[in-house]
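The values are calculated or read from the model by the stated rules, or taken from the named source; none is laboratory data. Only a predicted model underlies this, so the values are computations on that prediction, with no experimental measurement involved. Reconstructed Cβ throughout: ideal geometry from the backbone, glycine too, with neighbour counts over all protein chains shown.
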């Protein structure tokens, strides 16, 4: 295991300490050491935005805490949902009295812990509503959308929900807009090498050299198939062939395209893939309204890429254009 | 009527904690085949925190389960935190303000725990989860109780049903949780949650039988 760490059982705690020291203008501590909030949260008269999940996905989840984005985050162990208490503490840190939108990904542990946290919050009269991201196409068939897991599309859900809340939307309006964002979003990933949870010390899945896993999940969940390694152009074709018909996306659509590395794939390769994706979309008459290329949602040091596409309408465009500032995403006007 | 004193909960809590500590590696290893291999690590972390707290603040059985439940729900997370958190919370409530435990009393605890776990989990029987142990174990216990079998015998029936339930998960395809992403490839190994659930029920049964 080649890692820059100290005690493998304390990687999350030590990362949190470093994060606070590195971003004092963005995040502040709460009473719960695993819950950080935007320095100005709770913001008067604004719906609070909360998310949370297992660690190991930097910049997700804490990297999206900031201005006009997420107000408070719950950070679990590596690849493991935060306990209910943490989500509940995040609700308290984000709530200004206007309610809390908890925008998170579809995983069994997160579903249970959020459900319990909402029950706890009811006792405090904090109103919490949820949107559960399910943008990963290969994780379940189209007739079982509620079984699909949430992946990099979550970033667009936070961006849209965060903007809508900053514009003064009510809890129901924020929830509706964030739901529309994720319902209009489709993603998939290709994995090229495995990752190692520090406390385990060795990878618990393998991807043989010269092969790639199509449809891999953010924790190494098996995908659709393992096949020989392809060129970037072939990967772009393979991913768009799966993503585009699923919504479907078609000629004349304005879309956001988000290409994210899974951890150790260099920026150079992400831009090569984006170039190939852009060619396919422009051939099909699909207009890229806003591209994002970078490391937005990773899986420790896994190699590989994810492609996310979101179809826009006027209100989603307004939310995507809205200013925001956090470690993972900075936008200062269109 | 056979019954045991539960004014000091350590006769169940301590063997339970030791069993999880001793099986940390085993639980992680079976989880590693089709999950992410951290089941033993997380369970051990929670149960060991509980051991420290109970040494500082011992109490009756209800107190012990409540302490364990609180730690699992506030510090462990994942799927097992809430599932076992609810399981032990229900057992704590069902044994509250009682000095002794008899066959009917343990039946109430077991049924309460089963109902609580079902209330939070989306899993159905056959989905390759700890419910495939908990449901038949509770059912067998209840059948034995209704047939007026002894406390000992009810516990034996629960233990063997738990074991059969655990082993039956081997041929199941996972439908919920992380291993469900593997589909057919999840067949052939037992479910880690079912293994820990079987262990917990069997250790409880043995601890009670040793005390009767």
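Of everything in region B:135-194, what is within 13 Å of chain A (Cβ to nearest Cβ) and either more than 25 Å from residue B:29 (Cβ to Cβ) or in contact with a strand residue (DSSP E or B) (Cβ under 9 Å, 6 or more places away or on another chain) (or both)? Give them in sequence order.
none
Are any residues in region B:35-72 in contact with a helix residue (DSSP H, G or I) (Cβ under 8 Å, 6 or more places away or on another chain), assigned to a loop (DSSP other than H, G, I, E, B) and buried (at least 19 other Cβ atoms within 10 Å of the Cβ), and if so, which ones?
Correct list: B:35, B:36, B:37, B:38.
Check residue A:260 against each of (1) under 21 Å from the mean Cα position of the chain (by Cα); (2) within 29 Å of residue A:195 (Cα to Cα); (3) surrounded by fewer than 23 Cβ atoms within 10 Å (Cβ to Cβ) and name the one condition it does not meet.
Of everything listed in (1) under 21 Å from the mean Cα position of the chain (by Cα); (2) within 29 Å of residue A:195 (Cα to Cα); (3) surrounded by fewer than 23 Cβ atoms within 10 Å (Cβ to Cβ), residue A:260 misses just condition (3).
Whether any residue in region B:66-77 is touching a strand residue (DSSP E or B) at 6+ places or on another chain (Cβ under 9 Å) and within 14 Å of another protein chain (Cβ to nearest Cβ) is what I want to check.
Among the residues of region B:66-77, at least one is touching a strand residue (DSSP E or B) at 6+ places or on another chain (Cβ under 9 Å) and within 14 Å of another protein chain (Cβ to nearest Cβ), which makes the answer yes.
On the given criteria, is residue A:60 over 18 Å from the mean Cα position of the chain (by Cα) and under 30 Å from residue B:39 (Cβ atoms)?
Working: over 18 Å from the mean Cα position of the chain (by Cα): no; under 30 Å from residue B:39 (Cβ atoms): yes.
Against the criterion (over 18 Å from the mean Cα position of the chain (by Cα) and under 30 Å from residue B:39 (Cβ atoms)), residue A:60 does not qualify.
Please work out which one of (1) buried (at least 24 other Cβ atoms within 10 Å of the Cβ); (2) away from chain B (no Cβ under 14 Å); (3) in a loop (DSSP other than H, G, I, E, B) is the condition residue A:57 fails and give its number.
Of (1) buried (at least 24 other Cβ atoms within 10 Å of the Cβ); (2) away from chain B (no Cβ under 14 Å); (3) in a loop (DSSP other than H, G, I, E, B), only one is false for residue A:57: (2).
Which residue out of A:191, A:217 is farther than 19 Å from residue A:310 by Cβ, within 14 Å of another protein chain (Cβ to nearest Cβ), modelled with pLDDT under 95 and surrounded by 19 or more Cβ atoms within 10 Å (Cβ to Cβ)? Before the answer, list the steps.
Values: A:191 fails: modelled with pLDDT under 95.
Answer to the check: A:217.
Do you know which residues across region A:77-107 are part of a helix (DSSP H, G or I) and either facing chain B (nearest Cβ under 9 Å) or touching a helix residue (DSSP H, G or I) at 6+ places or on another chain (Cβ under 7 Å) (or both)? Even if it seems obvious, please write down each step before you answer.
Filtering region A:77-107 down to residues part of a helix (DSSP H, G or I) leaves A:84-94.
The answer is A:84, A:85, A:86, A:87, A:88, A:91.
Can you confirm whether region B:87-96 contains a residue that is within 16 Å of residue A:109 (Cα to Cα), more than 11 Å from chain A (Cβ to nearest Cβ), out of contact with any strand residue (DSSP E or B) (no Cβ under 9 Å at 6 or more places or on another chain) and outside any strand (DSSP E or B)?
yes
Being assigned to a helix (DSSP H, G or I), crowded, with 20+ Cβ neighbours inside 10 Å and either within 14 Å of chain A (Cβ to nearest Cβ) or modelled with pLDDT of 95 or more (or both) narrows it down to one residue among B:81, B:32; which is it? Talk me through it step by step, then tell me what you get.
Details: B:32 fails: crowded, with 20+ Cβ neighbours inside 10 Å.
Just one listed residue meets the conditions, B:81.
Among the residues of region A:21-40, write down those that are touching a strand residue (DSSP E or B) at 6+ places or on another chain (Cβ under 6 Å) and outside any strand (DSSP E or B).
A:26, A:30, A:34, A:39
Looking only at residues in region B:112-130 that are more than 14 Å from chain A (Cβ to nearest Cβ) and part of a helix (DSSP H, G or I), which one is farthest from residue B:189 (Cα to Cα)? Before you say what the answer is, go through the steps one by one.
Initial filter on region B:112-130 (more than 14 Å from chain A (Cβ to nearest Cβ)): B:112-115, B:125-126.
Going one step further and asking which of them are part of a helix (DSSP H, G or I), we end up with B:112-115.
Values: B:112: 29, B:113: 26, B:114: 24, B:115: 27 Å.
Here the answer is B:112.
Taking residue A:158 as meeting all but one of (1) in the same structural domain as residue A:45 (by TED's automatic domain parsing); (2) within 24 Å of residue A:266 (Cβ to Cβ), write down the number of the exception.
(2)
Please go through region B:97-111 and give me each residue that is assigned to a helix (DSSP H, G or I) and crowded, with 20+ Cβ neighbours inside 10 Å, ordered by number.
Once the filter is applied, which keeps residues that are assigned to a helix (DSSP H, G or I) and crowded, with 20+ Cβ neighbours inside 10 Å, region B:97-111 yields B:103, B:106, B:107, B:109, B:110.
Could you look through region A:205-214, keep only residues that are part of a loop (DSSP other than H, G, I, E, B) and within 19 Å of residue B:35 (Cα to Cα), and pick out the one that is farthest from the other protein chains (Cβ to nearest Cβ)?
In this case the residue turns out to be A:207.
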